[in-house]
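What follows is a short report on a single structure.
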């Protein structure tokens, strides 16, 4: 980063004051900020991108500690996320090539592809790897 970008990053850090996420409310705030940064798309600056990376790391640490997802299959994780968000199958169909593929994934009959995992990760604000059976 250039000196100007370093200064802008320092300003962002002062304004954001990121710290270890300890509560669900803190996590929700961080997720909202990440969404706002992602909404910038190609217009995101390098300092904003650095902040995005830091917030994503803090969110991931909190969620790894507070949500036991490691032992879940991708289908179980997807069903749980849908339940938490009050979603139905129709709500996630646009993330898959067809309604049939969505149904097969939810039932565990079909694995999630890498591109589908990426879309699911972006949709739910989680790393795509959570949706892959590794």
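Coordinate-derived values only; no laboratory data. Since this is a predicted model, take the numbers as computed values, not measurements. Here the Cβ is made from the backbone with ideal geometry for all residues, glycine too, and neighbour counts use every protein chain on show.
Being in a helix (DSSP H, G or I) and either surrounded by 13 or more Cβ atoms within 10 Å (Cβ to Cβ) or touching a strand residue (DSSP E or B) at 6+ places or on another chain (Cβ under 7 Å) (or both) is a description that does not apply to residue 35. The single condition among (1) within 23 Å of residue 131 (Cβ to Cβ); (2) surrounded by 13 or more Cβ atoms within 10 Å (Cβ to Cβ); (3) more than 13 Å from the chain's Cα centre (by Cα) that residue 114 does not satisfy is (2).
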